[in-house]
Amino acid sequence: MKLDGTWAKAWIRTSAAVMNEHRVELIDLDREIGDGDHGENMDRGFQAVLLKLDDLSSEANPGDVFKLVATTLISTVGGAAGPLYGTAFLKAAVAITGSADLDGAALVAFLAAARDGIVLRGKAEPGDKTMVDAWTPAVDAAEAARADGANDLAILMAAAAAAEAGAEATEPWVARKGRASYLGERAIGHRDPGAQSSALLLRAAADTAATA
Amino acid sequence: MTATEGLVGLVFISHSSKIADGLLDLATQMAPQTRMVPAGGTDDGGIGTSFTKVVSGIAQADAGAGVVLLCDLGSAILTAETALDFLGDAARARVRIVDAPLVEGGVAAAAAAEIGGDIESVVRAAQSAAGAVSAAGAEPALPPVVTRTVTLVNKDGLHARPAADFVKLANTFEARVTVNGRDASSLLAVMSLGLIRGMTAKISSSDEAGAAAVAALGDLLESGFGEE
C-alpha cells in the first residue's frame, strides 16, 4: 500500500460517496444545532470535486490532488465548511508539496497541517465543539502511532478512530464557535456536525488505504 | 453603479442575495458614486456565501483606493478571509474586513466612502455602527457658542439621502458641529434622531470657528434639499 496520487484520488472518491451517503445524517445533526445545511453543502462540494478529479493527470501527486480539492471546496460548499475544509486541504497540500507518496512523517505533517489550517481559519480551540475536536485527537493519535513505529495504514486507522471518538465527545458540550454557539445549553446532547464530517473523512482515508 | 476613481469601494457579503441586494439599494441612496458590489447567496442562488462572488466583488469594487468588506454571519467572514488569502500581496494590502452590523455598518461605510474618506476612515465609520446611537450621540463637553434652530421643511426630513447630504456637508468643515446634541458628521447619529418634516433641528458648535458650518448646515436644511 502506497499513499500516492492514486490513493489520494481514491480517498476523495470514497469521501464523495460517504458524504452523499451521510447527507441526511449531517443535515439532521446540523438542524439540531445549526442551520441544517452541512450535509447538503458537503455533498455538493464533493460532487463538484468528483467532476474535476478526472481532469487531473494520472501523474498527479497527492499534493496536486489536495490542492484541487481545496479550491473546489472553497468555491462550491457555500457554508463555513467550504473555507474551513478548503484551507485544511490547501495547507495540507502545501505541507507535502512534491512528494509522490507519503511516508509516516509526511502523513503526520499532512494531518497536522490540515488541523492547523482549520484552526487558522476558524480560530476555534479544542473544546469549542467544532471540527477541531475531531482533528486534534486525530493528529495526536497519528503522532503517537508513528512514534510507536506504526506503518501508514495503522497511523491512518489510529487517526480515524481518534476522530470518531473526538466527534462523539462533543455531544455533551456547549458550543463556543459558529451558529451553534447562539444556542447556549440547547446544544448539549447533540454531536457537532463538522466534527462528524471530519471523522467520516478520516475514516474514508483509512478505509481507502486498507483496500489499496 | 457609477465608477469613481479614488473612492473606497465596498462589498456586501451576506448569506442571502436579497439582503446583499437590498443593502446595495439602501446604501446607493446615500452614496450614488461609490463602487458597491453585493455578494449574497451561493453560486446557484441558495442561502450561503460564495467565494467566487466575493473574489469578483473585490475586483469590481477596487478603484485603487481600497475595498472594505462587510459581512453578516460566521461563514461570510470565513469566506472573506479565505478570499483575502488568494489575493496578491498588493491587492490584499488594500482590503479590510470589518466586523460590524451589516446594514448599519454598510450604510455608515457607504456615507464615509462617498465623501472621499480613506480606507481607515471608512473602516472606522463601519465599526462605529455597533454603538452609533450611544457613543456618537454624546453631548458636547463645552456649551455651544453658535446655535441655529431650523424647522425641517422637506418631505423626508433628516433621513436617507438628505441625511447623507447633511453629513457630507458637515464633514467638509473642521469644526465639530452637533445637531440636537448628536455628532453632525456621523450619518448614523443624525439618522438616529428620527427628525421628520415639521420638527426642529438645533445646530450648534462649541467652537467660534464652527459658525460657518452652522450657517451652511442651517441653509441646507432650510433649502429643503430640493424635495417637495
- Unique residue being within 28 Å of B:Phe12 (Cβ to Cβ), in contact with a Ser or Thr (Cβ under 6 Å, 6 or more places away or on another chain) and either in contact (Cβ under 8 Å) with a residue 24 or more places away in the chain or in the same structural domain as B:Gln29 (by TED's automatic domain parsing) (or both) when the list is B:Ala113, B:Ala126: B:Ala113
- When only residues in region B:149-162 that are open to solvent by less than 60 Å² (accessible area, probe 1.4 Å) and over 10 Å from B:Gln29 (Cα atoms) count, which is modelled with the lowest pLDDT? B:Asp156
- Message: For the condition within 14 Å of another protein chain (Cβ to nearest Cβ) and either farther than 23 Å from A:Ala180 by Cβ or not aliphatic (A, V, I, L, M) (or both), what is the one hit in A:Ala48, A:Ala92?
- Response: A:Ala48
- Query: So, of the residues in region A:70-86 that are facing chain B (nearest Cβ under 7 Å) and aliphatic (A, V, I, L, M), which turns out to be nearest to A:Ala180 (Cα to Cα)?
  - Reply: A:Ala80
- Item | Long-range neighbours under 9 Å by Cβ, at least six apart or interchain, first residue away from chain A (no Cβ under 14 Å) within region B:51-64, second buried (at least 24 other Cβ atoms within 10 Å of the Cβ) and of a type in the set (D, E, K, R) | none
- Of the criteria (1) more than 21 Å from B:Lys53 (Cα to Cα); (2) of a type outside the set (Gly, Ala, Ser); (3) within 12 Å of another protein chain (Cβ to nearest Cβ); (4) surrounded by 19 or more Cβ atoms within 10 Å (Cβ to Cβ), which one A:Lys123 fails: (4)
- Query: On the given criteria, is B:Gly46 within 14 Å of chain A (Cβ to nearest Cβ) and surrounded by fewer than 22 Cβ atoms within 10 Å (Cβ to Cβ)?
  - Reply: yes
- Could you list, in sequence order, all residues of region B:65-75 that are open to solvent by 40 Å² or more (accessible area, probe 1.4 Å) and more than 14 Å from chain A (Cβ to nearest Cβ)? none
- When you go through B:Leu78, B:Leu24, B:Leu10 one by one, which is the residue that is in a helix (DSSP H, G or I) and away from chain A (no Cβ under 11 Å)? B:Leu24
- Message: Just checking, does region A:48-61 include any residue being closer than 18 Å to A:Phe110 by Cα and not small (Gly, Ala, Ser)?
- Response: yes
- Condition test on B:Val98, is it within 26 Å of A:Ala70 (Cα to Cα) and among the hydrophobic types (A, V, I, L, M, F, W, C)? yes
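The values are calculated or read from the model by the stated rules, or taken from the named source; none is laboratory data. Computed from a prediction, not measured in an experiment: that's the story for all the values here. We place every Cβ from the backbone using ideal geometry, glycine too, and count neighbours over all the protein chains shown. Accessible surface is based on the protein model in full, side chains and every heavy atom, while ligands, DNA and RNA are left aside. Shrake-Rupley method; radii C 1.70, N 1.55, O 1.52, S 1.80 Å.
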